[in-house]
Amino acid sequence: MKSILVLNGPNLNLLGVREPEQYGSQTLADVEQLCRDAGQRLGIEVDCLQSNHEGVMIDAIHAAREGVLDGSVLGIVLNAGAYTHTSVALHDAIKGSEVPVMEVHISNVHAREPFRHHSYISPAAAGIIVGLGVDGYVLGIEALVRKAGLPTS
């Protein structure tokens, strides 16, 4: 069965607790279940990983490359959290691995603090979904499925 990795970065383990006015009340477990449900509806497996450590995220991107090459992985839905605005290393991992990545942000980062307006991920991403709440994850999954030429209905 084809799969997608949903990769969440630093502090996203605090969803539902941290700034609910910005990120909502759904927990990371809720988001992961939402993604798995979307995968089931689309006939794909969804694997979820959250890490507060940049190197773990880079390793996951590199590992996904092998799956993309053998056709088992469609890509990654990535919410890099604060690493979005700081990590050249994540940018380089995405570019170097050639894994299709849908960048997702729960909040509209462009309506927030100026330091959040720049993304190192965006130039390497296949697409960007911003400000649609946790529904952005499902849209990212659907976009990767469409990009692979698979049916979404």
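Any read-out appearing in this document is the output of simple, stated calculations on the displayed coordinates, not a laboratory observation. Note that this is a predicted model, so its numbers are computed, not measured.
Working note: 222 nm ellipticity from helices only, DSSP H runs with n ≥ 4, each -39,500 (n - 2.57), summed and divided by the residues of the chain, gives -12000 deg cm²/dmol to the nearest 500. Set against the labelled values (1) 0.95; (2) 1.23; (3) 1.39, Cα Rg over 2.2 N^0.38 Å computed from this structure falls on (1).
What's log10 of I(q)/I(0) for the stretch 78-118 at q = 0.20, 0.21, 0.33, 0.34 Å⁻¹, Debye sum over Cα points only, no solvent? Values, matching the q order: -0.64, -0.69, -1.21, -1.23. Based on Cα contacts under 8 Å between residues 6+ apart, the stretch 3-147 shows a relative contact order of 27 percent.
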